[in-house]
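The values are calculated or read from the model by the stated rules, or taken from the named source; none is laboratory data. Bear in mind that the values here come from a model prediction, so they are computed numbers and not experimental data. Ideal geometry is used to build each Cβ from the backbone, glycine not excepted, and the neighbour counts take in all protein chains shown. Surface accessibility is based on the protein's heavy atoms, side chains included, excluding ligands, DNA and RNA. Shrake-Rupley method; radii C 1.70, N 1.55, O 1.52, S 1.80 Å.
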Amino acid sequence: MLAVDVKNIKKTFTSKQDTVEAVKDVSFQVKQGEIFGLLGPNGAGKSTTILMLTTLLSITDGKASILGIDVETQEKQVREKIGVALQDTGIDNLLTSKELFFTTCRLWGYNKSDSEKRTEELLELVGLTEAADRRVKTYSGGMKRRLDLGLSLVHSPEILFLDEPTTGLDPGSRRVLWDEIKRLRDTGVTVILTTQYLEEADELADRIAIIDEGLVVAEGTSDELKASIGGDVITFLFETEEDIIKAQQVLTDSVQEKMELRITVEDGASKIPGYLKELTSAGIEVSSVSASKPTLDDVFLEVTGYRLEGSEEPVEETPTSTRGR
Amino acid sequence: MESNRTFLTQLQILTKRLLLRVIRRPLAELPNIFISAFFLFVYDGALGGVFGGSAQGTPFDFANGNFVNFILPVSIVSASVSGGASGIYLVEDIESGVFKRYQSMPISKWAIILAPMLVGALRVLLQAGLIMVIGKIIGADPAVGAVGYFMVLSIAFLWGMGFAGYSVAAGVRSGSSQGAQAASFLFFPALFLAPTFVPREALRGWLATASAYNPTTYVIEAMRAIMVDGWINDIIFKGFIAAGSFAALTLTFAVLSARKATEKA
């Protein structure tokens, strides 16, 4: 049985002023025990898709099921099966992590003694045992994310939805969370995560769907996606704008990015001398040239026509405090 | 896991969580208690010598010789506005994402909505109770006997739930703490367009007319009957009806608003 089966779902928000199609047509399938990544920029429709699958938003059109259970008509049964950690961490800053785990355990139906046991297990699991009695407002961003993840695991869900789990974290905290997500996958939990970080999708996801403007524009494993654009990427660097303009006459299928031109060809290394000869003959000076295998970044550029800007620049992590009244 | 995840258990767990939040912010409780106690001391000090009753040789007798009995209901009504915090608790949960987390779990949405109202109710009882204790210390003595404290507290509770309902409705409709806090702004016109300092018979002109249509008037008059005059059943009954109707109206408004807010978009 599929963990998640999404067929042509759409989401339209209608207000008095206008109508917005946040998700135009999204379909994908996730097998049990895999990490599935929804990669795309802000506003692509990733979070809206997650909100629909977690029963928090209605589906305008199409069908979705979780472990064969219909998301629209069997909300309660779906909620029993899933764990959810959304972008807003949804954590009460005035309580301690121990109190939050205990409260959440009780809400999931554990009795008091089982709640105490489960709380200890989960604190250990997400590495917060030492900070268990501190109020959450004193936690760093990474600790809050780990707590958020732990809270979504209280009832041992079969499927875990993580909406941009590492946004705003420093590289170290990101790595800790990645390891935890992989460990969960290894214990059989299916993970569906959204991300705008290429590196995160590449590192974590067994399969990736690239979402752009509410549509799935590519889907597959990272290697499949890279292979889909074929061959190698040759990057030419030029000193002047004039050289670039002239070089585009020679490298007709190239894509410009700042002072570089990139072309994707089979067996790139062997073709470099020929290109250089043509460029030199045309009086164009090339500063440097290199050939490489395509990256997920190249795939994204190929299928969307633009790069996922700023995707590799995590925000500095700082402890946050609660709002005062 | 237990199979009996009942509505009441969920309500109890969620209420306990919110009470922990209240305990963790004791300073948030102080302003309303302080203002209510301030009203009691200042009005007693400033007006007691004029309206305190013939027993003290004062010019007017509104209080059968005990002005604390007469003015205490004003402070109790003021303390009951603390029920307006209910909406703020709810909006804080919406703003922090806690509300959405609970919505993604198999929890009754009514437990999520009612828990802050219940905490608001407990807050009203605590604050109004505290003001009564202060009143007792400085000389309050209900004309109907000790049961009067319980009756005044009951009216205050209903009145406070009215503010709780309004704040929850305003909070979920506006989605902001400011919207929820608007409940407390209702309080001042409601309090001062009523026989706050003198009996209704002493009001005149437009204020006399306005006070007749203001439910706060009947709440204060009922409390005063209990404290000052004794068992004047029709006045006490009207007070319960006014406070109960206010609570029923705003709680219905809150439930309708909450239903709309928790519907899936």
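Numerical summary
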{"read-out": "Per-q log10 I(q)/I(0), segment A:173-296, q = 0.12, 0.14, 0.23 Å⁻¹ (Debye; single scatterer per alpha-carbon; no solvent)", "value": "-0.61, -0.74, -1.24"}
{"read-out": "Overall dimensions of segment A:4-220 as given by Cα atoms, namely Rg and Dmax in Å", "value": "17.3, 53"}
{"read-out": "Accessible surface, 1.4 Å probe, highest first, among residues A:297, A:186", "value": "A:186, A:297"}
{"read-out": "Loop-located chymotrypsin sites (Phe, Trp or Tyr not before Pro) in segment B:221-265, at most 16 other Cβ atoms within 10 Å (DSSP)", "value": "B:231"}
{"read-out": "Estimated FRET transfer efficiency when R0 is 56 angstrom, pair residue B:234-residue B:178 (beta carbons, to 0.05)", "value": "0.90"}
{"read-out": "Where N is the number of residues in segment B:7-262, Cα Rg divided by 2.2 N^0.38 Å", "value": "1.05"}
{"read-out": "Under 5 Å, built H, 5+ apart or other chain: amide partners of residue B:60", "value": "B:52, B:53"}
{"read-out": "10 Å Cβ neighbours from other chains, averaged over peptide B:25-35", "value": "1"}
{"read-out": "In Å², nearest 10: area of residue B:95 left accessible to a 1.4 Å probe", "value": "80 Å²"}
{"read-out": "Residue order for A:265, B:152 - accessible surface, 1.4 angstrom probe, largest first", "value": "A:265, B:152"}
{"read-out": "Shielding by other protein chains, B:98-110, mean Cβ within 10 Å", "value": "6"}
{"read-out": "Solvent exposure, largest accessible area first (probe 1.4 Å, DNA, RNA and ligands not counted), of B:151, B:105", "value": "B:151, B:105"}
{"read-out": "Dipole in debye (nearest 20) - the protein assembly as shown, about Cα centre, beta carbon charges: Lys, Arg +1; Asp, Glu -1", "value": "3240 debye"}
{"read-out": "Mean Kyte hydropathy of 1.0 or more with a Cα span along the axis of at least 24 Å, helices from DSSP in chain B", "value": "B:30-51, B:109-137, B:147-174"}
{"read-out": "Additional length obtainable on full extension of the chain from residue B:30 to residue B:212, 0.36 nm per residue less Cα span", "value": "62.3 nm"}
{"read-out": "Equivalent ellipsoid, the protein assembly as shown (semi-axes from 5 times Cα gyration tensor eigenvalues, Å)", "value": "65, 25, 21"}
{"read-out": "Sorted largest first, extent of segment A:139-219 alpha carbons per principal axis (Å)", "value": "37, 28, 20"}
{"read-out": "Positive-end extreme of charge dipole, the protein assembly as shown - chosen from B:34, A:181, B:13 (charges on Cβ)", "value": "B:34"}
{"read-out": "Reachable lysines, given that their alpha-carbon falls under 21 Å from the alpha-carbon of residue A:112 and they are not under 8 places away in the same chain", "value": "A:98, B:16"}
{"read-out": "Fraction of antiparallel bridges per DSSP, the protein assembly as shown only, in percent to nearest 5", "value": "65 percent"}
{"read-out": "Cα gyration tensor shape for segment A:118-177, rounded if a/c is under 1.5, else prolate or oblate", "value": "oblate"}
{"read-out": "With every protein chain in place, segment A:4-220: carbon and sulfur % of accessible area (1.4 Å)", "value": "45 percent"}
{"read-out": "Accessible-area composition of segment B:7-262, carbon plus sulfur, in percent [1.4 Å probe]", "value": "70 percent"}
{"read-out": "Set of segment A:260-294 residues, backbone N closer than 11 Å to the point 7 Å along the Cα-Cβ line of residue A:250", "value": "A:273-287"}
